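A short write-up of the structure that comes next.
The values are calculated or read from the model by the stated rules, or taken from the named source; none is laboratory data. Just so we're clear, the structure is a prediction, and the values are computed from it rather than from any experiment. Glycine gets a Cβ as well: all are built from the backbone with ideal geometry, and neighbour counts include every protein chain shown. All accessible areas refer to the heavy atoms of the entire protein, side chains included, with ligands and DNA or RNA removed. Shrake-Rupley method; radii C 1.70, N 1.55, O 1.52, S 1.80 Å.
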Amino acid sequence: YDGPSLIIAYSHCIAHGIDMQKGLSHQKAAVESGYWPIYRYDPRLSAKGQNPFQLDCRQPSSPLGDYLYSEARFRILQQSDKPAADRLLELAEQDKQARWKLYEKMLNREISSREALAVSAAGLPVKG
């Protein structure tokens with residue numbers, strides 16, 4: 001691609017409090033929970049009449065909390081302030097579901113990537 005490219009990758013680290021030998025499994029769990037969806041955007045595809053947004057993972061299939069609380073950094077809050085942890089988990093779950101709806105709309109070309117960016121940046125709910 002003759003232009004800027006950006007790769008945002010997830011990488012486990014020792015501070016997450018996980019067994020570092022199981023890092024690949026942990027990263028897979030991040031994708032399956034919806035914490036870290038995998039997608040690509042290639043603007044060149046628009047010129048060919050194709051969707052520039054490509055979703056490279058399935059719809060989340062496991063609870064977000066199962067993934068989050070497998071890491072010490074999230075378990076600490078749950079242990080020290082369970083009501084706050086429960087509330088934050090609910091907000092994170094709502095955000096995950098809203099982002100997934102947005103990705104589906106982009107995938108089905110019901111919303112342009114420019115419109116999606118505006119909705120996301122403004123923190124507006126995704127309708128439909």
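If you count Lys pairs in the chain whose Cα atoms are under 16 Å apart, skipping same-chain pairs closer than 8 places in sequence, the total is 4. If the chain linking residue 14 and residue 118 were pulled fully straight, counting 0.36 nm for each residue of separation and taking away their Cα-Cα distance, it would gain 33.9 nm. To the nearest 10 square angstrom, how much accessible area does residue 28 have with a 1.4 angstrom probe? We get 120 Å² for residue 28.
P(r) for the chain, from all Cα pairs and a bin width of 10 Å, is 11, 35, 33, 17, 4, 0 %, short bins first.
For residue 28 and residue 97, a Förster radius of 25 Å and the Cβ-Cβ distance give a FRET efficiency of 0.75, rounded to the nearest 0.05. Rolling a 1.4 Å probe over the protein heavy atoms gives the chain an accessible area of 70 Å² per residue.
Residue 75 contributes an accessible area of around 70 Å² to the protein surface, as traced by a 1.4 Å probe with all chains present.
Taken along the Cα-to-beta-carbon direction at a fixed 7 Å, the label points for residue 69 and residue 45 span 3.7 nm. Per-residue SASA remark: residue 95, around 80 Å² accessible (1.4 Å probe; ligands, DNA and RNA not included). Relative contact order of the chain: 20 percent, from C-alpha pairs under 8 Å at least 6 residues apart in sequence. Heavy-atom surface analysis with a 1.4 Å probe gives the chain a carbon and sulfur content of 55 percent of its accessible area. Based on DSSP H segments of at least four residues, each scored -39500 (n - 2.57), the chain has a per-residue ellipticity at 222 nm of -15000 deg cm²/dmol. The long axis of helix 23-32 is offset from the longest Cα principal axis of the chain by roughly 60 degrees.
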